[in-house]
Structures are given as C-alpha cells and as structure tokens.
Amino acid sequence: MKNTKTLGEELSLYVQAALHDAFPEMIPNDFEATVVKTADSRNGDYQCNDAMALSKILRKAPREIANAIVETLEKPDRKPEMVSSLEIAGPGFINFRLNSEWIADRLLAIEDDAFRGVPQVGAEKTVVIDYSSPNVAKPMHIGHIRSTVIGNALDRLHRFCGFRVLSDNHLGDWGTQFGLIILGYRHFVDQKALEASPVQELERVYVESYQKSKEDESWLDQARKELVKLQQGDEENLALWKKFVALSMGEFDKIYERLDVRFDLTRGESFYNEDLPGVLTRLDEAGLLVESDGAMVVDLEAEKLGVCIVRKTDGGFNYATTDLATVFSRVREFEPETILYVTDERQQRHFRQFFTVCEKLGEGVNLEHVWFGLMRLPEGTFSTRQGNVIKLEVLLDEAERRALEIVQSSSPDLPEAQQRDVARAVGIGALKYADLSQNPQSLVTFTWDKAMALDGNSAPYLQYAHARIRSVLDKHAAQFPDDTLEGAIPVCTLDLEKGLGLKVAQFPEAVLGATKHYRPNYLADYLYELAQQYSTYHQSVPFLKSEDGVRESRMRLIRMVADTLKTGLGLLGIEAPERI
Ligand code: ARG
C-alpha cells in the first residue's frame, strides 16, 4: 500500500477539492478540510463540520456551504468511490456513509500491507525515547515501572509508524549518593543479603549510611572524600561503583526480560560526566549563566520557572546539567526530530526548566515530557513497602498465578507447560494493559479484579476474543478443508459486518492517534471496541452453518479482526496466544 492515508484524511481531500470547486478563489490557502469519525454511527460513518467554520470567511450560511459541497461531490463523475451516501444534518454538518464494497477492497489492501495500512509518517525521522531510567542501588518504584510499560508501548508504536527509534535507558548511575554508599558498603554490607537481593541490600546500606551522616559530622566528611576519590577515578572506588551498577543492572534486566522490554542504549548519567563542564561554558558563551548565592544558575524568572541550577555551591553539577549534556550529545549523534521523556508527574518542573534552557540555546529539537500520574495501589493488593516502592517480582508472580487459574479452567486439556506459557502472556499482559488502557495523566487505582476481568476492558478479554476467533478458524479449516480464504472477499453485507469491516479499516487511525498524542490508551480503546463489536457479530450470525461463499467471506473478515487484535496488542507489548 503506497502513500496510505487514513479514511478521514482521504475524505478530507475530497471535501477540500469540492470546496475549491464550489467557491473558486474564496478559500484561504491555509484552510484544511477535516473529516472525522462520527461518535455515533446513526449519524453516518464520518462527519465534516467545516461549513460552520467557513461561514464567517465566506459570508454564507453554513447550510448553504454544506449544500454546495454535497452537490459538488454528488456530480456523477465526482462522487468518491468510497462514499455511498451524503447527508446534511443540523445547522450544516455533512455526514458520510461509506460504501461496503469499497471497504472490502480496502480490507484486502490492508491485509497485503506489512504495516496494516498505517501511513509511514515517521519515515526518515528519528525519535529518541528516554524511558524506564531507574536509579542504581535503589529499587524501581512504581513510577519506573509505569515509565517502562508506557515508554515501551510508545517505542513500539513509533517504530510501526516508520520512525527510527532509539530507546535509551537513562540510568541514574552517578551522583553524590555514591560517596555514602561506598563508605557504608565498606563498613556494614551483609554479603549474604547482597547475594540474595543486591538492590535491597545496597539500598539498606545507603539508608543506614545516610542516617549516620546526619548524626555524625565526620562520617559525612569521609563520605565526601570517597565521592571525590570516585570522581577522580580512584581505582578501588571505581571498581566498587561498577559493581553496584552491575548488580543493579542484573536485577533490572530480569524485570525487562519478563516485561519483554529491550533498549537500544543504556547510557546512564555517568556517560555524560565529562561533558558537564562544557555545558557551563556553552551557557556562559550564550550569556545565560549567572551566579546566585555561590551557585551557577540560568535565570528563568521571566518564564515563571524560577532558576535552573547547573552548578551547586559545593561545585557539584546537577540533574539538569546532566540532562542538558544529554540533549547536546543526542542531537549531535542522532539528529533526532524529537526526544521523548517518560517519567512521573513529579518531574514536570525539572523538564520544563531544562527544555526552556535548550530553547534559549537554540537547540533545534522538539523536546516532549510525557508524564503520568502515580497509580494507586490499594492496601493489601500485593506486598507493598513504604510509599510507592513495590517488589515487582512479587507482583508479576501474582499476576501469572492468577492467570494460570483462568487458563486451567478455560483450557483444562492443554498440557501444563503450555498452560504456564499462556498464563505468563495473560498475567503480564493484564498488568501492562491495566496501565496502558488508562489516560496516563489521570489518577487510577489498580485492582486485580479489573485487570483480570474476562468480561471488561482488560488484556485477558482481548486475548480471549483473539483466541476465540482462532478457534473458529481452526474449526472451519477442519470442517471445510476445501474452502480457501485467499480467494474470498471479506464482504460487508450486513450492517454488523459493515461496521466490523469499517472498524478494522480504522486501525491506522487508532495507531496514528496513539502515537501522535503519546496516548497508548487510544489504541487500547480501539481494540476494546473492536473486540466488543466482534463479540456481537459472533453471537448474531452463523459462521460454520452459513451457506457456501458467505461462510468464506465471514471467515476472511473475522481472520482480519484476529490479526488486527494481535498486531494491536503487540504494539502495546502484549502477546496474543492462539489459545487461552
Ligand atoms: N533516574 C530518574 C529518576 O529515577 C529518571 C530519569 C529520567 N530521564 C531523564 N533524562 N531525566 O527519577
């Protein structure tokens, strides 16, 4: 499929042309017609509201404009093949109904396309996605987990739209805490505990060392010395630091593996260490650096963002300094059009600050902070430690255990190893989907019931719908070995069929919307609606008992529904097993 457009875009082009025909030289050059999906199918499949917006410009009543558009589009040689009927409603809305045969053709084209009709809007564009980014020697908290799940979905979505994606796990692997950790480690690490649970033990060491520094001035002093030694490249301290990084990465990697997340780059903050003095030089040259109480800052008062500290009074560099160095390095090396940062909402100010500094420096890159709220975990949902720190392993195990129960009751005849495989896909999928199906910025409360619901907006529901279609197709193949689906056309004769076919043809719109707005939940919503529509269809028409010809067409249509569900779930990082 070359130069694909979404259905809405195609219709918009027709309206655009009709407008220019009906009102020669009266339509402003920058005016772009817009045709969008209707919210309610009783009003047609697509709708255009441009007549209202143009009324002022053309000094004509909206209905008159709508009439002119419809008349132009209805001329015998002009009528777009994709449209079956046009209708004007209310003050001047134009409602479009699409032609079923045209939809069937479109479905065939989508099936032949490696990207299922999704326009490759990212071709020749690079996007860096900075996500997950936990801190060394500290456990991942729920914010890192959400960042991992949401960031990974954005990563997959962008690749599917043709972008060159560089995913970068920007580890917090450098900073003043390492003085305290090194000192604490030397004095009171418990080797056994370190082996059993490295990150937990390193964190304990850090907390104890930190507490001691509050009470004991000389301890704080020693910690500072250890830090300076580390920064100057002292071999012993460097070796310890590397050990901490490796131990932490070992644990993080286990989580990434279970979540099926891979990064192109894992460049921690330490990677940019040598670039930090250069950041100050550049700010100074741009006339942006000022002193404030012994610290060096960029004044952002005019932007109502306070000051951005780039060097502290003690001479140490800051989080923002590292982020500036990171932008410069990424721009130089990868020439991205956009850099996305996926973190929780608490860092909004930090990102606004250094984005503004980049703008002042004239860095020609689009910087976007994709933030999300914290998820609420009701007491007793799973073992929680204080605040938002949870043991992810425990959570994942629990999800798989609950999923196994579902699988054992739905597929008791499946060999156990396979049941476990499916349970893994369902359990992990349920957790990811519980996160991805929400507006990231709203406060959500996680509950197992909702995440695992077989009858609600959950991964198991979608996976179940997918597996159910595969099983219909298997039965069909067994019962009608001579039927070939390849020659069949996914006819959309009945209203239900047409609706389902149209929904499948709208997959590109859902993917583009989710990608463009950094909202995986748009795709989740779409998949849920598709599964619901399928379910109604499944209950309303016979499949294997339908007559020759019709049967193949139906099989072909539902196979496309299954493929769409599978691809869509895949873009959310969720597997769709053949059976559940
Ligand atoms: N390590 C940080 C944290 O845990 C997140 C880093 C996000 N990325 C960035 N470039 N600042 O809060």
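The values are calculated or read from the model by the stated rules, or taken from the named source; none is laboratory data. Predicted model only: the values in this text are computed from it and were never measured. In this analysis, Cβ positions are derived from the backbone assuming ideal geometry, glycine residues included, and neighbour counts consider all displayed protein chains.
Overview of values
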item	result
Residue list for the range 260-279, restricted to those being out of contact with any helix residue (DSSP H, G or I) (no Cβ under 6 Å at 6 or more places or on another chain) and either among the polar types (S, T, N, Q) or buried (at least 17 other Cβ atoms within 10 Å of the Cβ) (or both)	PHE263, THR266, ARG267, GLY268, SER270, PHE271, ASN273
Count - residues of the range 26-39 that are assigned to a loop (DSSP other than H, G, I, E, B), more than 9 Å from ASN95 (Cβ to Cβ) and under 27 Å from the mean Cα position of the chain (by Cα)	2
Members of the range 122-161 that are assigned to a loop (DSSP other than H, G, I, E, B), under 17 Å from GLY573 (Cα atoms) and not aromatic (Phe, Trp, Tyr)	SER132, CYS161
Every residue from the range 532-554 that is crowded, with 23+ Cβ neighbours inside 10 Å and of a type outside the set (Phe, Trp, Tyr)	ARG554
Strands (runs of 3 or more DSSP E) completely within the range 274-348 that count 2 or more residues being in contact with a strand residue (DSSP E or B) (Cβ under 7 Å, 6 or more places away or on another chain), within 16 Å of the ligand (Cβ to nearest atom) and within 29 Å of SER132 (Cα to Cα)	307-311, 338-344
Test set (1) modelled with pLDDT under 95; (2) over 30 Å from HIS158 (Cα atoms); (3) surrounded by fewer than 20 Cβ atoms within 10 Å (Cβ to Cβ) - ASN318 fails condition number	(3)
Residues within the range 126-137 that are more than 8 Å from the ligand (Cβ to nearest atom) and more than 16 Å from the chain's Cα centre (by Cα), tallied	3
Test: ILE94 is part of a strand (DSSP E or B), away from the ligand (no atom under 16 Å from the Cβ) and not charged (D, E, K, R)	yes
The range 304-330 residues that are under 16 Å from GLN231 (Cβ atoms) and in contact (Cβ under 8 Å) with a residue 24 or more places away in the chain, paired with ones that are of a type in the set (Phe, Trp, Tyr) and assigned to a loop (DSSP other than H, G, I, E, B) (beta carbon under 8 Å, 6 or more apart)	THR322/TRP174
Which listed residue is in contact with a Gly (Cβ under 9 Å, 6 or more places away or on another chain), under 19 Å from SER270 (Cβ atoms), within 16 Å of the ligand (Cβ to nearest atom) and not aromatic (Phe, Trp, Tyr), from ASN152, ASN169	ASN169
Residue, nearest to LEU238 (Cα to Cα), within the range 172-188, restricted to residues that are more than 16 Å from the ligand (Cβ to nearest atom) and surrounded by fewer than 17 Cβ atoms within 10 Å (Cβ to Cβ)	ARG186
Count of residues meeting criterion [part of a loop (DSSP other than H, G, I, E, B) and either hydroxyl-bearing (Ser, Thr, Tyr) or at pLDDT below 95 (or both)] in the range 452-480	5
Test: GLU111 is modelled with pLDDT of 95 or more, of a type in the set (Asp, Glu) and away from the ligand (no atom under 16 Å from the Cβ)	no
Which numbered condition ALA39 fails, given (1) farther than 24 Å from CYS492 by Cα; (2) aliphatic (A, V, I, L, M); (3) modelled with pLDDT under 95; (4) loosely packed, with under 15 Cβ neighbours inside 10 Å	(1)
Members of the range 241-273 found to be in contact with a Ser or Thr (Cβ under 7 Å, 6 or more places away or on another chain), of a type outside the set (Val, Ile, Thr) and assigned to a loop (DSSP other than H, G, I, E, B), listed by number	PHE263, ASP264
Residue under evaluation SER84, criteria (1) without any contact (Cβ under 8 Å) to a residue 60 or more places away in the chain; (2) within 16 Å of the ligand (Cβ to nearest atom); (3) part of a strand (DSSP E or B), criterion not met	(2)
Boolean, ARG420 is within 16 Å of the ligand (Cβ to nearest atom), out of contact with any Cys (no Cβ under 7 Å at 6 or more places or on another chain), assigned to a helix (DSSP H, G or I) and modelled with pLDDT of 95 or more	no
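Here is a yes/no grid of residues against (1) in a helix (DSSP H, G or I); (2) surrounded by 18 or more Cβ atoms within 10 Å (Cβ to Cβ):
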| residue | (1), (2) |
| --- | --- |
| GLU201 | yes, yes |
| VAL207 | yes, no |
| TYR210 | yes, no |
| LYS214 | yes, no |
| TRP219 | yes, yes |
| LYS225 | yes, no |
| LEU230 | yes, yes |
| GLY233 | no, no |
| ALA239 | yes, no |
